[in-house]
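Since the structure comes first, as structure tokens, the remarks are kept for the end.
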Amino acid sequence: MISFIKESDEVFYSADEISYISNEEIEYLKHLAGLNPRKRIRLCTHKGKNDTLHEMFIVHMQGCYVTPHKHIGKVESMAIIEGEVDVILFEDDGNIKKIIQMGDRNSGKNFYQRIADPIYHSMIIRSEFLVFHEITEGPFLREKTIFAPWAPPIENSYEIENFIQNIEMKIIQERKYE
């Protein structure tokens, strides 16, 4: 197993010169995600926030709320390793633009996506765990991530529940006509 450096309860970095990921690391990350109140964790294989390329193995548990956000001047891609998710793309006013059903390569669903434009996006995790590999440009600058003004903040669980229920209803309506 590779060596981890803990930055926070949700963020770890690989301490090894060469990073490699096996099922052992994934299972450990899933365990750690289950210990977090926000039901998520990430292992960064880049060395720090100022690196020009950021690669992360991320685990989100079902029920994890990903606040709709967009990235200014950054490309972001993700490949699903395990689990299923609906990636929700939003218009700037909060209306749903597109729903991308994703799963691992054997699911028959999309297993890779790349967002090159600043589009608000979020996820609804459809499996107990979602494990994905994310790549984006560095350095990490918080001001380059814009959280949707129409989305509930992470601290308001009641508003989040209503927000997710509304999205779920829209997804059901959309899939009814597919």
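Numbers below:
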quantity	calculated
Per DSSP, loop GluC sites (Glu not before Pro) in the range 9-96 with at most 15 further Cβ within 10 Å	Glu17, Glu91
Whole-percent carbon and sulfur share, accessible surface of the chain, 1.4 Å	50
For Arg126, residues with placed amide H under 5 Å, excluding near neighbours	Glu84, Val85, Asp86
Cα gyration tensor shape of the range 1-72, rounded if a/c is under 1.5, else prolate or oblate by comparing a/b with b/c	oblate
Listed residue (Ile72, Pro139, Met61) projecting farthest to the positive dipole end of the range 41-161, Cβ model	Pro139
Cα centroid separation, the range 120-149 to the range 7-35 (Å)	17
Value of [θ]222 nm, deg cm²/dmol, for the chain, DSSP H segments ≥ 4, -39500 (n - 2.57) each, nearest 500	-6000 deg cm²/dmol
For the chain, accessible area per residue (1.4 Å probe, heavy atoms of protein chains only), Å²	56
Accessible-area value, Cys64, 1.4 Å probe, nucleic acids and ligands omitted, Å²	10
Low-density loop cleavage sites - chymotrypsin sites (Phe, Trp or Tyr not before Pro) in the range 15-117, where at most 12 other Cβ are within 10 Å (DSSP)	Tyr20
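The values are calculated or read from the model by the stated rules, or taken from the named source; none is laboratory data. As the structure is a computational prediction, the values presented were derived from the model and not from experiment. Neighbour counts run over all protein chains shown; Cβ positions are idealised from the backbone, glycine included. Note: accessible area is taken over every heavy atom of the protein model, side chains too, but ligands, DNA and RNA are not part of it. Shrake-Rupley method; radii C 1.70, N 1.55, O 1.52, S 1.80 Å.
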